[in-house]
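Worksheet: one structure, shown below.
The values are calculated or read from the model by the stated rules, or taken from the named source; none is laboratory data. Worth saying up front: this structure is predicted, and the values here are computed from it rather than measured. Methodologically, a virtual Cβ is constructed for each residue, glycine included, from the backbone with ideal geometry; neighbour enumeration extends over all protein chains shown.
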Amino acid sequence: MEYYCSKCNTIMADGIFNTYGSMFSIVKKPEKLFGNKKSAIDVHVCPNCGYIELYAREPEKFKE
């Protein structure tokens, strides 16, 4: 599924949300078969303007 940037309408790239203690970073999702890291968050990054969208992978866990 392709996601489009809500700011500039460019196709967004998939990313990975990494945490290192109290710091975090977002990197481009690797295309290798075994290069994928699991995350509770799906990340989409606009390569044009830099806008970032984060989505919880299992949002139903937040329902009461």
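Does Glu2 satisfy the criteria of being in contact with a Phe, Trp or Tyr (Cβ under 8 Å, 6 or more places away or on another chain) and either modelled with pLDDT of 90 or more or in a helix (DSSP H, G or I) (or both)? So Glu2 does not fit the description; no. Gly35 falls short of the stated requirement of being modelled with pLDDT under 80 and on the phi > 0 side of the Ramachandran plot.
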